[in-house]
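Below: the structure, in structure tokens.
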Amino acid sequence: MRDQARITQFDRRQFLLSATAAAGLLPLITKAAHGETALERSRQFEETFAKLTHGVTPVSEKITVDLPELADNGNFVPITMTVASPMTDADYVKTIHIVSTANPVALVATFYLSPVNAVARVQSRMRLAKTQDVIVLAELSSGEMLLSTTKVGVTIGGCGD
């Protein structure tokens, strides 16, 4: 009887290791049990998105976004955006916006381009507060809007958000 009690009894170190492991797995277990759910979109994001699109419905094409699916450190997330465009005086990318759905400030960055750029490609780094969608909007000289959405998982110290 005494041996059984010793097997189930945890010392402080074992308890902390078990609790830490359980906390790290909880988001994975929850997602697996309930299926993947849509990520939250802040009110600030909705307002910023509406302002940037000017009532135009963006088309989901012509933008290639290179963004990690999982960022080990949300303070330093690399991003590269390329828009397929001839970049001529008659047809070019005017602006590229990066918008986050859950950061305290939704508009991460805006890049202004012109035909002088020759290629509509931008590289940068950004901060993401937690796991969220990153939206890239490109406004063309014709007034057309292009859109790309990428989900980025942000981990802090190896634990998922």
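Each reported figure results from applying straightforward, stated rules to the coordinates on display, with no laboratory input. Values in this document were obtained by computation on a predicted structure and should not be read as measured data. Neighbour counts run over all protein chains shown; Cβ positions are idealised from the backbone, glycine included.
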Checklist entry - So which chymotrypsin sites (Phe, Trp or Tyr not before Pro) in segment 68-161 end up in coil per DSSP with only 12 or fewer other C-beta atoms within 10 Å? => result F76
Checklist entry - Karplus couplings for segment 95-112 from phi (6.51 cos²θ - 1.76 cosθ + 1.60, θ = phi - 60°), rounded to Hz, Gly and Pro as x? => result 9, 10, 10, 10, 10, 10, 7, 9, 6, x, 10, 5, 7, 7, 6, 10, 10, 9
Item to check | Full-extension gain in nm, D66 to E40, via 0.36 nm per residue minus C-alpha separation | outcome: 7.1 nm
Item to check | Taking N as its residue count, the alpha carbon Rg of segment 93-161 over 2.2 N^0.38 Å | outcome: 1.27
Checklist entry - How many nm is it between the label spots at L107 and K151, if each spot is 7 Å from the Cα in line with the beta carbon? => result 2.8
Checklist outcome for this item: With DSSP loop assignment and no more than 15 other C-beta atoms within 10 Å, the trypsin sites (Lys or Arg not before Pro) in segment 33-119 are none
